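Below: the structure, in structure tokens.
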Amino acid sequence: MTLISSVSGIRGTLGGKTGDNLTPIDVVRFASAYGSWILQNVDKATVVVGRDARPSGPIIQNLVQQTLVSLGIDVIDVGLSTTPTVELEVVRHKAQGGIILTASHNPKEWNALKLLNKKGEFLNADEGEQINTMSANLSSIEFANIDNLGVICKESDAIQHHIEAILNLPLVDHHKIKTSSFKVVVDGVNSSGGIAVPQLLQALGVEVISIHCEPNGEFPHNPEPLAQHLTDLSKAVVDHQADLGIAVDPDVDRLVFMDEKGTLFGEEYTLVACADYILRTKPGNTVSNLSSTRALAEVTRRFGGNYVASAVGEAHVVEMMKKTDAVIGGEGNGGVIYPDLHYGRDALVGIALFLSHLCHVDCKVSVLRSQYPNWLMRKDKVNLSPQQDIDALLKSIASAYEAFQVTTIDGVKIDFPDGWVHIRKSNTEPIIRIYAEAKTEHRLDEMVGGIQRLVIE
């Protein structure tokens, strides 16, 4: 597999040859570059490090932390944690940065270094490029002498601090949630969510039924929280007559719900529902990426706000949210960003907001879903070969559809009156993604088929 460096982090599969996969040498190389970048503006620095439960996590965490210590950087080791928890810990400790060791939805053979700035936010493209440049020239990196090495401090209550911060949010109605006596099934995909999600729900007074919540990193199914991977959750919701089901990805920044019938609420509608709740009390602007549902724009306009689309990637969404002063935003993959807590995708705050919303509308999850515009989305992908000229392909697609509204800030998106299709190179895998949305399956076939014919040619 190819070692991928992008705005989403540095990720690859374990083993193999240096420079092709994520080997120990590559881990040390990128950790050295990141630590040296952190030290450009300060004499002494602290970095928070956490990981998901995948088997390679302890190895990579040791490599990263000892590399940082060798640079003279102090490390706060939060151990098995979630991506949003590490983001909050950077701010709480006034650290200069943070690293989350997770490959998100990728299978267990993958891992990654996801890099944060002192605000607990992902690096932007320019900052990421600086680190890439530094990683290619390690001779310029200066390590600390024996008297100036960093130290490692372990912290065991980071997730609890995260939960307390959520409970203190004014729009999280934990009293009403508690009195609603919800019964919820949780699929933690045997990673950090198996710890964090039940702990949050218990703090909210919710009855929890846990499946796949042993944080051993042995994913019981494909870890991407899609309907075809969540059959165990669907069965458990029905068998236990639960009010809803919850599934997260391994690092707990993506969130999906399942209704009382065992039917997926739809990952695109996680953000829509949370935004609906926020906008009822605090009207304002919203942001999601170009590959997210039009339903968010429709709900936003219903409350008098403006919707704006950004390039794909959390850093791009956050940048646009700040620019437009958005009250909520995120990505259609189940990522909720609520700036009153922090600028990062956070499944835990999404759960608390969704349950608060469900209490206030006082209906079943299936009824709530029926109240939103019913867009159908298709997410396809095409594997790339090293010989393909992707930029030329995207340019030819844009030219073929120039009669329609075409956006090229991130791949090519074509907006039609009755739907859209977005084609882009993935930040996290060696593939092209083709996302499309329309009101009917027939229209989806037409739009996606047209693009696929151009790709095959």
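A short reminder: the numbers here are calculations on the coordinates, not readings from a lab. Small disclaimer: the values here were computed from a predicted structure and weren't measured. FYI the Cβ positions are ideal-geometry reconstructions off the backbone, even for glycines, and counts take in every protein chain you see.
What percent does the relative contact order of region 70-115 come to when contacts are Cα pairs within less than 8 Å and at least six residues apart? Don't jump to the answer; show the numbers that get you there.
On the way: 31 pairs, mean separation 11.9, N = 46.
Relative contact order here is 26 percent.
Taking the DSSP beta bridges in region 162-258 as the whole, what percent of them are antiparallel, to the nearest 5?
Values: 4 of 13 bridges.
If we restrict to bridges inside region 162-258, about 30 percent are antiparallel.
Label-point separation (nm) for THR281 and ASN62, each offset 7 Å from Cα along Cα-to-Cβ? The answer from the label model is 4.6 nm.
Just to be sure I understand: of the beta bridges DSSP finds with both ends in the chain, what percent are antiparallel, rounded to 5? Taking every DSSP beta bridge within the chain, about 60 percent pair in antiparallel fashion. Considering all C-alpha pairs of region 144-186, those separated by over 12 Å amount to 75%.
Helix-only mean residue ellipticity at 222 nm, the chain, DSSP H runs n ≥ 4 weighted -39,500 (n - 2.57), per residue, nearest 500. What is it?
Values: 15 runs with 167 residues, N = 457.
The per-residue figure over the chain is -11000 deg cm²/dmol.
Along the axis of the charge dipole computed for the chain (Cβ charges of +1 for Lys and Arg, -1 for Asp and Glu, origin at the Cα centre), the listed residues ILE59, VAL412, GLY16 are led at the positive end by VAL412.
Gap in Å between the Cα centre of region 71-139 and the Cα centre of region 1-66? After rounding, the separation between the Cα centres reads 8 Å. Taken as Cα centroids, region 412-427 and region 283-361 sit 19 Å apart, rounded to the nearest whole angstrom. Here the peptides 399-410, 190-201, 282-293 are ranked by packing, the mean other Cβ count within 10 Å, and the order with the highest first is 190-201, 282-293, 399-410.
Under the simplified labelling scheme, the ASN41-THR440 pair shows an inter-label distance of 5.4 nm, with each label point 7 Å from Cα along Cα→Cβ.
Between ARG302 and ARG378, what FRET efficiency comes out of the Förster formula 1/(1 + (r/R0)^6) with R0 = 22 Å and r the beta carbon distance, rounded to 0.05? Intermediate results must be reported in sequence, preceding the final value.
Values: r = 25 Å, r/R0 = 1.15.
Once rounded, the FRET efficiency stands at 0.30.
Taken over the C-alpha atoms, the chain has Rg and Dmax values of 21.6, 68 angstrom. Of all DSSP beta bridges confined to region 268-354, the antiparallel ones make up roughly 35%. Determine the relative contact order of the chain: mean sequence separation of Cα pairs under 8 Å and six or more apart, normalised by residue count, in whole percent. About 12 percent, as a whole number. Between ASN132 and GLU214, the simple spin-label model (points 7 angstrom out along Cα→Cβ) gives 4.1 nm.
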